[in-house]
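S.K.: Just passing along the structure, written as structure tokens.
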Amino acid sequence: DQQVKQNSPSLSVQEGRISILNCDYTNSMFDYFLWYKKYPAEGPTFLISISSIKDKNEDGRFTVFLNKSAKHLSLHIVPSQPGDSAVYFCAASAGGGAQKLVFGQGTRLTINP
Amino acid sequence: GAGVSQSPRYKVAKRGQDVALRCDPISGHVSLFWYQQALGQGPEFLTYFQNEAQLDKSGLPSDRFFAERPEGSVSTLKIQRTQQEDSAVYLCASSLREGDQPQHFGDGTRLSIL
């Protein structure tokens, strides 16, 4: 069963506009959430994270929102830039020492000039 | 090193051959993870080390997969008698301490089994 889901395989946004990427999860034990960005032939690069005790975290153009009751998080990028074109992965971890990550399937974001 | 280093970047093997994939984590990082990423999917957890101890191997798909980290730094993922379904990108990640996030990923090894 897919515990972390990104239901949009792709998203196309005009440069300068807002990009919104969505992620849903099913496991209520998840207490930390991360977004990674991935370019072709490279490993995932950490972007931003949020703990379950918060509902929002902001870092420059990137904001992550967490709705625990809906088991939903989203990543907002504003304004979107051509260099933001990449695959974005949502990931979650549960409490405990190992803290292995459970990833969604990814959303390919394309920013059009 | 500055980042997580993985080698080789690409590996082609014939079905039935054994392969070994290497991961050199960020210097001083205690935690090391291996993930498998199939085409069009997100990475999936394989195994976790804290220093030289393998504390979680619940994600290893079969007993053909074996991982080690004998001195608590470099790790090797070995796949014996490779099958076509083993074709994937194998990603290694490390973090400074147990439970630390984020994990820092290497660029992966793309394994193709013919």
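The values are calculated or read from the model by the stated rules, or taken from the named source; none is laboratory data. Since the structure is predicted, the reported quantities are computational estimates derived from the model, not experimental observations. Ideal geometry is used to build each Cβ from the backbone, glycine not excepted, and the neighbour counts take in all protein chains shown. The area values use the complete protein model at the heavy-atom level, side chains included, leaving out ligands, DNA and RNA. Shrake-Rupley method; radii C 1.70, N 1.55, O 1.52, S 1.80 Å.
S.K.: HN-Hα J couplings of the range B:47-62 from phi, Karplus 6.51/-1.76/1.60, θ = phi - 60°, integer Hz, Gly and Pro as x?
M.R.: These are the phi-based 3J(HN,Hα) values: 7, 9, 10, 10, 6, 8, 8, 8, 8, 8, 10, 5, x, 5, x, 7 Hz.
S.K.: Within the set of other residues whose C-beta is less than 14 Å from the C-beta of A:Leu11, count the net charge using Lys and Arg as +1 and Asp and Glu as -1.
M.R.: Result for the neighbourhood of A:Leu11: +1.
S.K.: For B:Gln17, what is the net charge nearby, where nearby means another residue's Cβ is under 11 Å from its Cβ and Lys, Arg count +1, Asp, Glu -1?
M.R.: Value of the local net charge: +2.
S.K.: Estimate the FRET efficiency between B:Glu52 and A:Ile20 by the formula 1/(1 + (r/R0)^6), using the beta-carbon distance for r and 30 Å for R0, to the nearest 0.05.
M.R.: Efficiency, from the Cβ-Cβ distance: 0.10.
S.K.: What aspartates and glutamates sit close enough to A:Lys38 to cross-link, taking a C-alpha to C-alpha distance under 14 Å and skipping anything fewer than 8 places away on the same chain?
M.R.: Reachable aspartates and glutamates: A:Asp84, B:Asp107.
S.K.: Select from the range B:11-53 all residues whose loss of accessible area on going from the chain by itself to the full protein assembly reaches 20 Å² or more (probe 1.4 Å).
M.R.: Hits at the 20 Å² cut-off: B:Phe33, B:Tyr35, B:Gln37, B:Gln41, B:Gly42, B:Pro43, B:Phe45, B:Tyr48.
S.K.: While we're here: Scan the range B:2-111 for trypsin sites (Lys or Arg not before Pro) in coil per DSSP, keeping those whose Cβ has at most 13 other Cβ atoms within 10 Å, and list them by number.
M.R.: Sites meeting the loop and neighbour criteria: B:Arg9, B:Lys14, B:Arg15, B:Arg81, B:Arg97.
S.K.: Taking every residue in A:28-34, how many Cβ atoms of other protein chains lie within 10 Å of its Cβ, on average?
M.R.: Counting Cβ atoms of other protein chains within 10 Å of each residue's Cβ and averaging gives 1.
S.K.: If you don't mind, another one. Separation between the B:Ala20 and B:Leu96 pseudo-spin-labels, each 7 Å from Cα along Cα→Cβ, expressed in nm?
M.R.: 3.2
S.K.: What pairs from B:Lys14/B:Lys57; A:Lys37/A:Lys100; A:Lys5/A:Lys54; A:Lys54/B:Lys57 go past 29 Å between their alpha carbons?
M.R.: A:Lys54/B:Lys57
S.K.: I want to check the label-to-label distance for B:Arg9 and A:Thr45. Put each point 7 Å from Cα in the C-beta direction and report it in nm to one decimal.
M.R.: 1.6
S.K.: Roughly how far apart, in whole Å, are the Cα centres of the range B:37-78 and the range A:1-35?
M.R.: About 26 Å separates the Cα centre of the range B:37-78 from the one of the range A:1-35.
S.K.: Quick one: if the Förster radius is 30 Å, what FRET efficiency do A:Asn57 and A:Thr110 give, using the C-beta to C-beta distance and rounding to 0.05?
M.R.: 0.75
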